[in-house]
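Presented below is the structure to which this report refers.
The values are calculated or read from the model by the stated rules, or taken from the named source; none is laboratory data. The structure displayed is predicted, hence computed values, not measured ones. Cβ placement follows ideal geometry from the backbone for every residue including glycine, while neighbour counts extend to all protein chains displayed.
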Amino acid sequence: MKRISPAVRKLLFLFAILIISCFLEGMANFIVLILLCLALIPVSCSLDKEEREYNEWMDDMIRKQDERKNKE
């Protein structure tokens, strides 16, 4: 079973808050939407970090595989 990354968990949590905010009216809805937008900034940074780490790992794996092929 594949684990869900912390950034994806945060996105799911923010999505749940967004759905709840649909039932709010007036200023409460506006405030929740502003807070959601501000909360997305660190989540997007962590998703970007995870993507960079994955790409670095994949580049290392490809480089190792190429080195093995060149030795043969």
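Of all residues in region 42-61, those that are hydrophobic (A, V, I, L, M, F, W, C) and at pLDDT below 90 total 3. Being within 18 Å of the chain's Cα centre (by Cα) and either farther than 23 Å from residue 4 by Cβ or at pLDDT 90 or above (or both): is that true of residue 24 here? It is false that residue 24 is within 18 Å of the chain's Cα centre (by Cα) and either farther than 23 Å from residue 4 by Cβ or at pLDDT 90 or above (or both).
None of 17, 41 is among the β-branched types (Val, Ile, Thr), surrounded by 12 or more Cβ atoms within 10 Å (Cβ to Cβ) and in a helix (DSSP H, G or I) except 17. Being free of Cβ contacts under 8 Å to residues at least 40 places away in the same chain and over 17 Å from the mean Cα position of the chain (by Cα) is a property that residue 72 has.
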